[in-house]
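A.B. asks: One structure, as structure tokens, below. Some questions next.
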There are 4 protein chains.
Amino acid sequence: MTASAAQAHFLLRSVIKGIFTPNLVPFLDDGRINEGELRRMVNWLVEKGVSGLYPNGSTGEFIRLSYEERKRVIQIVVEENRGRVPILAGAAESNLTMILDACRTYADLGCAAVSITGPYYYKVSQESIEHFFRELAKRSPIDIVLYNIPQYSNEISVPVLTRLALDCPRIVGVKDSSRDFPRFLSTLHAIKPQRPDFVCLIGCEEILFPSLLMGADGGTIASSGVVPEVIMKLYRESLAGHWEEAKRIQFKLLDLIEAMLYGTNFPEGFRVGMSLRGFALGTSRQLLSPKEQTDLEEIRAKVACLLAECGFEEAAHACRRQTGGAVLPPPRGGAAVPPAGGGLDVSGIVQEVVQQFRAPKTPGHP
Amino acid sequence: MTASAAQAHFLLRSVIKGIFTPNLVPFLDDGRINEGELRRMVNWLVEKGVSGLYPNGSTGEFIRLSYEERKRVIQIVVEENRGRVPILAGAAESNLTMILDACRTYADLGCAAVSITGPYYYKVSQESIEHFFRELAKRSPIDIVLYNIPQYSNEISVPVLTRLALDCPRIVGVKDSSRDFPRFLSTLHAIKPQRPDFVCLIGCEEILFPSLLMGADGGTIASSGVVPEVIMKLYRESLAGHWEEAKRIQFKLLDLIEAMLYGTNFPEGFRVGMSLRGFALGTSRQLLSPKEQTDLEEIRAKVACLLAECGFEEAAHACRRQTGGAVLPPPRGGAAVPPAGGGLDVSGIVQEVVQQFRAPKTPGHP
Amino acid sequence: MTASAAQAHFLLRSVIKGIFTPNLVPFLDDGRINEGELRRMVNWLVEKGVSGLYPNGSTGEFIRLSYEERKRVIQIVVEENRGRVPILAGAAESNLTMILDACRTYADLGCAAVSITGPYYYKVSQESIEHFFRELAKRSPIDIVLYNIPQYSNEISVPVLTRLALDCPRIVGVKDSSRDFPRFLSTLHAIKPQRPDFVCLIGCEEILFPSLLMGADGGTIASSGVVPEVIMKLYRESLAGHWEEAKRIQFKLLDLIEAMLYGTNFPEGFRVGMSLRGFALGTSRQLLSPKEQTDLEEIRAKVACLLAECGFEEAAHACRRQTGGAVLPPPRGGAAVPPAGGGLDVSGIVQEVVQQFRAPKTPGHP
Amino acid sequence: MTASAAQAHFLLRSVIKGIFTPNLVPFLDDGRINEGELRRMVNWLVEKGVSGLYPNGSTGEFIRLSYEERKRVIQIVVEENRGRVPILAGAAESNLTMILDACRTYADLGCAAVSITGPYYYKVSQESIEHFFRELAKRSPIDIVLYNIPQYSNEISVPVLTRLALDCPRIVGVKDSSRDFPRFLSTLHAIKPQRPDFVCLIGCEEILFPSLLMGADGGTIASSGVVPEVIMKLYRESLAGHWEEAKRIQFKLLDLIEAMLYGTNFPEGFRVGMSLRGFALGTSRQLLSPKEQTDLEEIRAKVACLLAECGFEEAAHACRRQTGGAVLPPPRGGAAVPPAGGGLDVSGIVQEVVQQFRAPKTPGHP
């Protein structure tokens, strides 16, 4: 690596920081990707001020796309982003050849880094996983963020992760979606003192604030696709050391997160949430039964109320409160629920975010 | 469906019966599929008398192939088989469009049926899984065998499976690799009395004989790729009602199965076994660490001894017995181990199988 | 051990064979054990011809009794049995001192052996478990049957079990309730060739017949407390090599077993079953919610129908068939359901069992 | 309840707050409880300034004691405490009668509250668990802290816990050892706004500080039995809002916690730790194999170094650093390791704690 390449490399690395939004994929009625809507979503998110984009993650249902579709998604996101925010591209292909092909493609497109899970489907030994990532790190033309999500793929254990972090410059970070906070703290403790620039992102939105407080560099947060204003507010309050306020927002978010996470297949709840912000998500590739479709309407009504309560008026029309089975319309007067004292002052948040967005950016970080 | 199509359909169905060998995939040094060796393996297996072939299953590492490679594997197997045995083609693609595309392709090639797992990676509700398979069954041009393997993908519960079996003619059977024998008996009990032609294959080789005894129509048995002579012998003895002999073979096989199943990533042990029968399997796509490579040599030596003990002399040279860490050569005199009284008379088995293979076949079953 | 003691020991061992009925514990309204009813149950079971009794197992809710109550249960069972059948006494106390105290007590009472689970509550290493059982085996005055039930307590792995079986004469058998049939076959294969008298009991009733066929010495079968006639019939048909008949009974039993196993806390379903045979089980120590109590009535109605269908007329009055939510009385004419062609000829079974019971017994086994 | 009783009750409640130390149980060579040493431990802990004592928890191996021994442990702890700190008594007996008996006994002895796990051994439905605790709450003469530890016993789900908290005044708190931080935050969020006095204790020491920060009222922290000075320092820094310092201590503690938690059966590592502080713990009731005993020596050496590094000089003699298999003595000069810049200034801590201990206490809380 030449001196200037090394410097460029350094700069590149520093951008994997903050809130990366995992892009949902909108579909057309015939099942194909709705490319126009995806482009609109990219612009909306960047304008809302998220730190980066994270297409082809679990939220982006990468496994349900064909390889060609996955590459197409990255291309669209890169095109529409126009260099405004760094892109972390999911590249969890299922064999080394395809992963390397994806790495080259995404490097050429200018992505900041790729994210790769432990192997999925089979159980694979930790030794094999470590060896595999060492080989990959030697040959990848782009920085790698390891993606630990033991719910869906083989865990990458803390000792393996630590050795990889300390030995492989190409492996620049970890995104941990295990929901295991003791594990996340052990990771920070094992790696950061020896490699402070190793990026530790949390992938569990219920604990975003405590993670930031303990030293996380940011997170990949699916709800930042639905309420980017609120998540960025939480992030900024954390950075500013306004911990009581950050804590208040974190707790406030729990209802919304739980409404979107539970009661239906992942990531249906988040698709519902984003549709309430005005996007046409279409039908998921993982079909729901007719009864589940009906149940989803209830989740939709509940999420709508929570969004309306936060001040997102575009969601208010879909807020229906249930009373013993019957579904009631929201109270009169426009907003579903008057902004309660305990609620979030979203108009203020939005204003603040937009201002910050319009302000001249510090170099290397939007 | 016309009358003759229905009849053809009926005939076709009846061939999903007996021992289907899950095809391993041999690789070249550069990582590509070793097509010549795959062709040689197909011929060898058919000549050994297995009932059918099962490419693109878990043993066939379908998940580690690209979609194009998966289709290529089926094409090669079909070509080389030349209609001699029925082919059950794995088609567990990750979305409905691709599954239907695979179904059409494999139907056109003349496969007998496709095998499809529950969704993998995400957790998906049983309701969604049922709905998904109903949709698929409506639109598939080829018969479907549902593949239950909860270790690697979402379970297909017995109630869901039963409803699908009773409602969907296109779903003609189940292959159960859950290792859960009470579940397998419940499946037989729930479906067979109402739909006797529903094919129940066991995918757990340690319990092949008890499964056959209790009413399984056969099995997909990875070790039938390594010792087809022995597995077919077990199958025939079971069919003939020679239960004591079948039981003896089943127990005898346990050591071999365990040696190939445990101590390394699946399906490395089976790749080792088949290499000892004279095939060049090449390097697995799931890399092993250097230490694991060394450990695999020990497994190879152990499997070699077990094969030699069964009379497969081609494996004898690789049999090394360990004594407290040191590895000893096999006893002098050619064969690694003299055919013990408790061993299998393999020369007899082979002769019998070959004779049966050369004999005129009963119609509808090779 | 003197020569005659050794011989007595040998005779004793041989009696742990066949169907051992895990005794349910009936309770009074004030929560105490209903001793009178327990005595009546013991007599009924022995008269029905079960091979042995197994008090203080999981079915006997040993964990919900006090230590004094557990000892009282054994005393009652021993007293009432009057030496007619061998008794396997659960002695899974939670520390070595108490286990040894229980062993001494049950040895003095004349029990044939004790049954001991792996440690429960904590996760304990396999090495510690092996060491613990070696210590226990050295000091126990009574034969030990290890009880593998990984659902509720630490697994006793096959390698540990094998070493204990081969090294410790006091450990005379295993009762395996893991529902893992491949494991059970591995156990038989690992131990029986080297120690043929090691007793292997299956503790999973759905697979009793296949287990017997593959070499089990018997089973601890909770449903033998509800339909001892049928289970003993299955056992005798298996012993006699009438495998088709045994298989038919096994499948026939699946509905009943599933009705009693699922839909409520274990062992409520079996308590319901036995109450339908005329015993007053009282309220379980594990309280059910009011809704669960109502649900249990449905299970009761279903079990009653299955029992009536098998010819147990005493259960017919409680058989209520559900039609879309409504509960219908059984068809007119006395019996809930006329003994179907596919049913079990229970009057014949009962007669046969009673005859066999009255016939002079072979020494050492009733 | 009379007015003054209600007031007393209120005062009592407020004392379940801060760091409760789960008491380890020391044993004599003959296996009996070492009562003298237990008394010495109680005094030492109270003098070190812990907020309360928690005998008969999982750390206290309650399951391995007889019922009489469990009651004896509480009696000893109460006697030796002499009213100085509140006592939370584990009362997780295995049936309602015994739990109520324990509750009465511990109430009479003056304990502040009892702690009760979900049922262990069997799987029990959430509905039954809820109903059971409602019954218990109606009849208990002492406040109840529910103890959620799904690793060892049935989970108490957040919805069940929430309903119990809102409906049952007797249920005054929860101790959550699930290691599931999102769950803990959901608990705080679901209950605290509606019942602010409901006590939420964290039982996972790796996340003590983040839990306190997010609103935990304290924790039951096994390592507070080993390094009470450090845990109390962390607690006080958290209360004082010195979050950076609390965070630093939390990370510093991770090595020690991990050394004591992993590599041996729980709670052996903590027994080792406390023995290094000068207590005679004796042999655990859960035997270790000879090899595990040897391995424990390595853990002991490692824990000793970590303690010495923290300034606990009494542990320095046992610190042996391993170099590739050989074990080296600590560097010369007394202390095993010179107090590193990153270390904890323990002499300062101790002084501070002792001063605070000697200072006049606020009423109701030491």
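The values are calculated or read from the model by the stated rules, or taken from the named source; none is laboratory data. For clarity, every value in this text was computed on a predicted model and none was experimentally measured. Don't worry about glycine lacking a Cβ; one is built from the backbone with ideal geometry, like all the others, and counts go over all protein chains shown. Protein only, heavy atoms only, side chains kept; ligands, DNA and RNA dropped before computing areas. Shrake-Rupley method; radii C 1.70, N 1.55, O 1.52, S 1.80 Å.
A.B. asks: Starting from the coordinates of the alpha-carbon atoms of the range D:100-239, obtain the Kirkwood hydrodynamic radius over all distinct pairs and give the value in Å to one decimal. It would help to have the intermediate numbers written out before the result.
C.D. replies: Details: mean 1/r = 0.0644 Å⁻¹.
Final number for the Kirkwood radius of the range D:100-239 is 15.5 Å.
A.B. asks: How big is the range A:51-130 on each of its three principal axes, counting only the C-alpha atoms and giving the largest first in Å?
C.D. replies: 40, 23, 22
A.B. asks: Once amide H atoms are built 1.01 Å from N in the peptide plane, which residues 5 or more positions from D:V199, or in another chain, come under 5 Å H to H?
C.D. replies: Residues meeting the criterion, in which the H sits 1.01 Å from N, are D:G173, D:V174.
A.B. asks: Taking the DSSP beta bridges in the range D:6-116 as the whole, what percent of them are antiparallel, to the nearest 5? Don't skip to the answer; put the middle values down first.
C.D. replies: On the way: 1 of 8 bridges.
Bridges in the range D:6-116 are about 10 percent antiparallel.
A.B. asks: Given bins 5 angstrom wide, list per bin the percent of all Cα-Cα distances in the range C:112-193, short to long.
C.D. replies: Calculated P(r), rounded to whole percents: 3, 16, 29, 27, 19, 6, 1.
A.B. asks: Next question. Got a sec to turn the phi values of the range A:187-198 into Karplus ³J(HN,Hα) couplings, 6.51 cos²θ - 1.76 cosθ + 1.60 with θ = phi - 60°, whole Hz, x for Gly and Pro?
C.D. replies: Once θ is set to phi - 60°, the couplings for the range A:187-198 become 4, 4, 5, 7, 9, 4, x, 9, 9, x, 7, 5 Hz.
A.B. asks: Next question. May I ask you to evaluate 6.51 cos²θ - 1.76 cosθ + 1.60, the Karplus curve with θ = phi - 60°, for each residue of the range A:77-87 and list the ³J(HN,Hα) values in order in whole Hz, giving x for glycine and proline?
C.D. replies: 5, 5, 4, 6, 5, 6, x, 6, 10, x, 10
A.B. asks: Given R₀ = 25 Å, FRET efficiency for B:Q293-B:Q75 by Cβ-Cβ distance, to 0.05?
C.D. replies: E(calc), rounded to 0.05, equals 0.20.
A.B. asks: Take every Cα-Cα pair in the range D:1-159 and report what % of them are more than 29 Å apart.
C.D. replies: Within the range D:1-159, distances greater than 29 Å cover 17 percent of Cα pairs.
A.B. asks: Once the label point is set 7 Å along the Cα-to-beta-carbon vector, what list of distances in nm do you get between A:T97 and its counterparts in the other copies?
C.D. replies: Ordered by distance, the counterparts are at 2.4, 6.7, 7.1 nm.
A.B. asks: Project the alpha carbons of the range D:183-327 onto their principal axes and report the range along each, largest first, in whole Å.
C.D. replies: 56, 32, 28
A.B. asks: With no solvent and one equal point scatterer placed on each C-alpha of the range C:244-324, evaluate the Debye formula and give log10 I(q)/I(0) for q = 0.16, 0.21, 0.25 Å⁻¹, two decimals.
C.D. replies: Rounded to two decimals, the profile gives -0.60, -0.98, -1.27.
A.B. asks: Then there is this: List, in order, the whole-Hz ³J(HN,Hα) value for each residue of the range A:111-119 obtained from phi through the Karplus relation with A = 6.51, B = -1.76, C = 1.60 and θ = phi - 60°; use x for Gly and Pro.
C.D. replies: Computed from phi, the couplings for the range A:111-119 are 5, 6, 6, 10, 10, 9, 6, x, x Hz.
A.B. asks: Next up: Say a label goes 7 Å from Cα toward Cβ at A:L239 in every copy; what distances in nm does this one have to the rest, shortest first?
C.D. replies: For A:L239, the inter-copy label distances come out at 3.5, 7.1, 7.9 nm.
A.B. asks: Further question on the same structure: Could you work out the Rg to Rh ratio of the range D:156-214, with Rh taken as the Kirkwood radius (inverse of the mean 1/r over all Cα pairs)?
C.D. replies: 0.94
A.B. asks: Copy-to-copy spacing for D:G110, label 7 Å out on the Cα-to-C-beta vector, in nm, shortest first?
C.D. replies: For D:G110, the inter-copy label distances come out at 5.3, 7.5, 9.2 nm.
A.B. asks: With a ≥ b ≥ c the root eigenvalues of the C-alpha gyration tensor of the range A:189-266, is it rounded (a/c under 1.5), prolate (a/b larger than b/c) or oblate? Provide the component values of the computation, followed by the final result.
C.D. replies: Working: a/c = 2.33, a/b = 1.47, b/c = 1.58.
Note, shape of the range A:189-266 comes out oblate.
A.B. asks: Pull up the cross-link candidates among the aspartates and glutamates for B:K291, meaning alpha carbon to alpha carbon under 14 Å and not fewer than 8 places away within one chain.
C.D. replies: The reachable aspartates and glutamates, counting only those whose Cα sits under 14 Å from B:K291, are A:E127, A:E130.
A.B. asks: Put +1 on the Cβ of each Lys and Arg and -1 on the Cβ of each Asp and Glu in the range A:165-222; which of A:P196, A:L166, A:A222 then has its Cα farthest toward the positive end of the dipole?
C.D. replies: A:L166
A.B. asks: How large, in percent, is the carbon and sulfur part of the accessible surface of the range C:250-326 at a probe radius of 1.4 Å?
C.D. replies: Within the range C:250-326, the accessible surface is 54 percent carbon and sulfur.
A.B. asks: About the Cα centre of the range C:1-158, what is the dipole size in debye to 20, counting +1 per Lys and Arg Cβ and -1 per Asp and Glu Cβ, all else neutral?
C.D. replies: The dipole of the range C:1-158 has a size of about 400 debye.
A.B. asks: Write down the radius of gyration of the range B:94-137 and its Dmax, each obtained from C-alpha positions, in Å.
C.D. replies: Reported Rg and Dmax, both Å: 11.5, 33.
A.B. asks: What residues have an amide H closer than 5 Å to that of D:I33, excluding those fewer than 5 places away on the same chain, when H is modeled at 1.01 Å from N in the peptide plane?
C.D. replies: D:L28
A.B. asks: Enumerate the amide H contacts of B:Y120 below 5 Å, restricted to partners 5 or more residues apart or on another chain; note that Pro and chain-start residues carry no placed amide H.
C.D. replies: B:N154
A.B. asks: How much of the calculated P(r) for the range C:267-308 lies past 13 Å, in percent of all Cα pairs?
C.D. replies: 52
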